[in-house]
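To start, the structure under review is shown below, and the notes come after it.
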Amino acid sequence: MASAHRRGSARRIALGALGGLALALSGVAAVPASSADVPGVDEIVKTPNMKHLANVPKQGDFAAEAALGTDLAFKGNYAIAGNYNGFVVYDISKPAQPKIVSQVSCVGAQNDVSIAGNLLFLSTDSSRSDDSCQSTSKPVTDKTAWEGIKIFDISDVRNPRYVKSVETDCGSHTHTLVPGKGRDRGSVYVYVSSYLLGQSSVGPDCQYEFDQISIIKVPLKAPTEAKVVAEPVLFPDGGNPGGGDTSYPTTGCHDITVYPEKDLAAGACMGDGVLMNISNPVAPKVLHVVRDIENFAFWHSATFNNSATKVVFTDELGGGGAATCNPTVGPNKGANAIYDIVGKGDKRKLVFRSYYKIPRANADTENCVAHNGSLIPVKGKDIMVQAWYQGGISVWDFTDSRNPKEIGWFERGPLSNERMIIGGPWSSYYYNGHIYSSDIQKGLDVLRIDDRRTDKAERVELDILNVQTQSDYFD
């Protein structure tokens with residue numbers, strides 16, 4: 001949830017899973033200049049308008065290569081970053097000097113995070129022996145195994161307190177918060193996205209056909225009463241059966257972004273992109289479904305523009321673990337797809353306009369693909385900052401849906417020239433005048449963009465930001 005005011009004037013798969021897909025897809029990425037232009041190992045390259053202010057490396061139990069940094073959420077002067085081993089709270093009151101406030105060990109991939117009031121929500125998409133933070137791995141075929149949502153009280157950010165867990169079918173790869181309205185104002189609904197990827201995902205609580213999401217209702221003042229209240233099926237006809245060289249069958253959703261003020265949600269659901277009416281939060285209604293058999297492998301995430309007239313969907317070709325930004329792969333795969341929302345009411349539809357992909361070459365040892373980003377709040381413009389794993393961070397303008405263009409970027413050279421090390425920015429978000437990036441291996445990066453096209457965004461200050469719960473920056 002983003003609470004904004006103006007300042008001044010105003011899964012488990014045979015090959016392994018990462019960020020939610022198979023690592024072995026053929027074909028796909030940007031039309032870069034030349035592989036000879038790839039920077040050296042760990043070398044930083046960027047446009048002049050991008051300023052790199054700080055980096056806080058992963059530490060302690062989170063320093064290992066296998067302890068992947070994941071998503072980000074923000075509250076006041078704090079940024080919270082997920083990690084496969086738990087989560088980290090950073091003090092960002094001085095953006096150029098971020099400091100670790102606390103680090104909570106709680107193994108359970110992916111550990112995506114979001115915040116409502118004093119509650120922190122943590123996604124567990126890993127079959128565990130129990131719901132504790134001391135759990136161990138357990139086969140998904142074991143009926144007693146646990147996965148789902150964990151809830152922490154972070155009223156004292158130095159000592160987060162684990163207060164509740166809610167088990168969900170197929171676990172929680174990601175989740176999205178929908179604030180209650182009217183009589184439900186004291187509650188939040190948690191849309192839990194999870195899915196199957198092959199027989200290694202199948203267990204007693206996670207079986208084909210799996211075309212649903214789980215919805216948890218959480219009373220903010222009584223989180224121990226949290227429970228699953230609905231399991232709506234979004235694809236009663238089964239969704240995309242898959243096909244071609246890349247398109248995955250739909251067996252659940254990877255991620256859902258909501259815009260509660262507009263009663264809209266955009267679902268990135270493996271083989272399908274979905275537009276939904278969420279005026280009744282426990283009964284989302286599918287308005288339109290789109291597919292792209294030719295170019296989209298795995299519908300990964302979605303972002304509305306501020307006026308909710310467009311949706312940017314990302315394609316996580318290669319599951320985030322493949323080199324798909326090199327000269328052998330074209331500009332339309334492993335990219336973003338920009339859709340306009342046309343029509344009114346329940347007749348609204350998604351209409352494709354164009355693709356956007358970073359125009360730089362990456363080495364064959366660099367995992368690179370479209371990943372998590374957020375709007376930069378410039379009134380009258382549609383501008384995003386976005387993570388591309390080892391493709392770095394891209395700031396780009398899609399005000400003209402048919403002609404998106406990049407206006408700034410930052411990246412490091414490969415982590416290695418000898419082997420593929422999974423790394424790079426997982427999430428890159430704009431928050432109160434700065435860009436914060438959760439790097440899988442490097443920890444937290446803080447950047448600033450100084451550009452006349454984005455400078456006005458500094459006038460918007462947020463109290464809280466969960467990127468997958470959008471709100472009107474200028475209302």
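The values are calculated or read from the model by the stated rules, or taken from the named source; none is laboratory data. Bear in mind the structure is a predicted one, so any value in this text is a computation, not a measurement. Glycine also receives a Cβ, built like all others from the backbone with ideal geometry; neighbour counts cover every protein chain displayed. The area values use the complete protein model at the heavy-atom level, side chains included, leaving out ligands, DNA and RNA. Shrake-Rupley method; radii C 1.70, N 1.55, O 1.52, S 1.80 Å.
Which one of these is touching an Asp or Glu at 6+ places or on another chain (Cβ under 6 Å) and not hydrophobic (A, V, I, L, M, F, W, C): T136, T141, T124?
Just a single option satisfies the conditions, and that option is T124.
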Exercise for the section: Report the residue count in the stretch 147-171 for those that are assigned to a strand (DSSP E or B), open to solvent by 10 Å² or more (accessible area, probe 1.4 Å) and out of contact with any Gly (no Cβ under 9 Å at 6 or more places or on another chain). Expected result: 5
Handout entry: Tabulated pairs, the stretch 342-353, first closer than 14 Å to L264 by Cβ, second open to solvent by 80 Å² or more (accessible area, probe 1.4 Å), C-beta under 8 angstrom, 6+ apart or interchain
Key = V342/K349; G343/K349; D346/K285
Fill in the blank from the handout: Considering the stretch 431-475, residues that are open to solvent by 10 Å² or more (accessible area, probe 1.4 Å) and of a type in the set (F, W, Y), and then whichever is farthest from I100 (Cα to Cα), we arrive at F474
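Do we find that S394 is closer than 22 Å to P48 by Cβ and outside any loop (DSSP other than H, G, I, E, B) in this structure? If you could, list the steps in order and put the result at the bottom.
Values: closer than 22 Å to P48 by Cβ: yes; outside any loop (DSSP other than H, G, I, E, B): yes.
Here the answer is yes, as S394 does meet what is asked.
Give the residues of the stretch 67-80 that are open to solvent by 10 Å² or more (accessible area, probe 1.4 Å) and either more than 18 Å from G433 (Cα to Cα) or in contact with a helix residue (DSSP H, G or I) (Cβ under 9 Å, 6 or more places away or on another chain) (or both), sorted by residue number.
Of everything in the stretch 67-80, just one residue is open to solvent by 10 Å² or more (accessible area, probe 1.4 Å) and either more than 18 Å from G433 (Cα to Cα) or in contact with a helix residue (DSSP H, G or I) (Cβ under 9 Å, 6 or more places away or on another chain) (or both), namely L68.
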Exercise for the section: May I ask you to list the residues in the stretch 217-260 that are of a type in the set (A, V, I, L, M, F, W, C), within 30 Å of D475 (Cα to Cα) and surrounded by fewer than 22 Cβ atoms within 10 Å (Cβ to Cβ)? Expected result: L220
Practice task
Could you tell me whether any residue of the stretch 397-406 is open to solvent by 10 Å² or more (accessible area, probe 1.4 Å) and in contact with a Leu (Cβ under 9 Å, 6 or more places away or on another chain)?
Solution key: no
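May I ask you to say which residue of V113, V101, V107, V89 is open to solvent by 40 Å² or more (accessible area, probe 1.4 Å), at pLDDT 95 or above and of a type in the set (A, V, I, L, M, F, W, C)?
Values: V113 fails: open to solvent by 40 Å² or more (accessible area, probe 1.4 Å); V101 fails: open to solvent by 40 Å² or more (accessible area, probe 1.4 Å); V89 fails: open to solvent by 40 Å² or more (accessible area, probe 1.4 Å).
Residue meeting the stated conditions: V107.
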Exercise for the section: Among the residues of the stretch 333-360, write down those that are among the basic types (K, R), over 16 Å from A297 (Cα atoms) and buried (at least 22 other Cβ atoms within 10 Å of the Cβ). Expected result: R360
Exercise for the section: Scan the stretch 318-332 for residues that are touching a strand residue (DSSP E or B) at 6+ places or on another chain (Cβ under 7 Å) and either surrounded by fewer than 24 Cβ atoms within 10 Å (Cβ to Cβ) or in a loop (DSSP other than H, G, I, E, B) (or both) and jot them down. Expected result: G321, A323, T324, C325, P331, N332
Fill in the blank from the handout: Checked pairs for the stretch 372-387, first at pLDDT 95 or above, second of a type in the set (D, E) and buried (at least 23 other Cβ atoms within 10 Å of the Cβ), C-beta under 9 Å and 6 or more apart or across chains, list as N372/D71; N372/D255; L375/D382; A387/D439
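Give the residue, chosen from A226, A222, that is touching a Lys or Arg at 6+ places or on another chain (Cβ under 9 Å) and at negative phi. Can you show your working first?
On the way: A222 fails: touching a Lys or Arg at 6+ places or on another chain (Cβ under 9 Å).
Within the list A226, A222, the selection yields A226.
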